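*Asks:* Okay, here's the structure, questions in a sec.
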Amino acid sequence: MRNRKLLLMLEIAIFGALGYVLDFIAFSMPQGGSVSLVMIPIVLMAFRRGLGAGLLTGLAVGLLQLVTGRVYIVPLSFGFAFTQVTLDYLVAFASVGFAGLMRSFYLKNLRNGTKGQVVAAIVAGAFIGAFLRYLVHVIVGILFFKEFATGNVYLYSFGYNATYMFPAFLLTAFICSVLFIAAPRLIDVKE
């Protein structure tokens with residue numbers, strides 16, 4: 001029992017660190033934001049060990065970005081900056097772990113040998129995680145980045161965040177689909 005908990009904690013730490021490193025492999029968008037590989041280890045962990053592990057892995061990625069100073073903080077009072085950073089980094093990356101909601105559907109279809117359904121589960125999980133992260137970034141944009149908006153702040157935040165989150169979702173869904181189909185043992189962990 002204790003060894004399983006230790007193994008789980010180690011996997012979360014390793015995948016969190018991998019996500020942090022993969023965030024350096026990024027394509028910066030012209031208007032801001034970037035498309036990176038950061039969500040891949042979080043989605044992998046969510047499918048490998050479930051929702052809780054996915055959430056903790058995303059949280060670890062956000063924490064690593066915070067402690068290493070890879071964050072953009074709105075120059076406001078401390079309370080607002082704390083809220084912005086918490087939402088933009090901790091909550092946003094942790095929300096990618098909700099991809100784990102599709103884990104049981106993935107495992108069921110993996111064992112039945114239906115590759116189309118397996119890919120559908122992976123894409124759906126990646127979409128859930130990316131969409132929730134997108135929503136958090138939209139909320140942060142509306143609340144804290146109003147001064148950058150040209151026109152309606154709501155439309156601006158929805159559009160701005162979509163320009164990098166949609167490609168990030170597509171990249172994550174594609175790479176995870178290829179990876180999970182090619183190496184299903186990465187996910188099918190025997191408890």
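*Asks:* Which far-off residues, 5 or more places away or on another chain, put their amide H under 5 Å from the one on MET29, with H placed in the peptide plane?
*Replies:* The list, which skips near neighbours in sequence, is SER34, VAL35.
*Asks:* Among ALA92, MET29, GLY159, flag the residue with its Cα farthest along the positive direction of the charge dipole of the chain, charges on Cβ as +1 for Lys/Arg and -1 for Asp/Glu.
*Replies:* ALA92
*Asks:* Rank-order 153-164, 3-14 by packing density, defined as the average count of other C-beta atoms within 10 Å over each peptide's residues, highest first. Don't skip to the end; give the middle numbers.
*Replies:* On the way: 153-164: 17.0, 3-14: 12.9.
Ranking, from highest mean packing down: 153-164, 3-14.
*Asks:* Give the relative contact order (percent, whole number) for the chain; include only Cα pairs under 8 Å separated by 6+ residues.
*Replies:* Relative contact order, the chain: 23 percent.
*Asks:* I'd like to compare 140-149, 85-94, 101-110, 57-66: which one has the highest average count of other Cβ atoms within 10 Å, and what's the full order after that?
*Replies:* 57-66, 85-94, 101-110, 140-149
*Asks:* Please give the FRET efficiency for ARG70 paired with GLN117, using the beta carbon to beta carbon distance and R0 = 35 Å, rounded to the nearest 0.05.
*Replies:* 0.40
*Asks:* Using alpha carbon centroids, what distance separates the range 93-171 and the range 11-60, in Å?
*Replies:* Computed from Cα coordinates, the inter-centre distance equals 12 Å.
*Asks:* Right, something else. Working from the pairwise distances between different alpha carbons, so that the mean of 1/r is found and then inverted, what is the range 77-191's Kirkwood radius in Å?
*Replies:* 15.6
Values in this text are rule-based calculations from the coordinates and carry no lab data. Since we're looking at a predicted model, the values are computed, not measured. Using ideal geometry, Cβ is built from the backbone for each residue, glycine included, and neighbour counts are taken over all protein chains shown.
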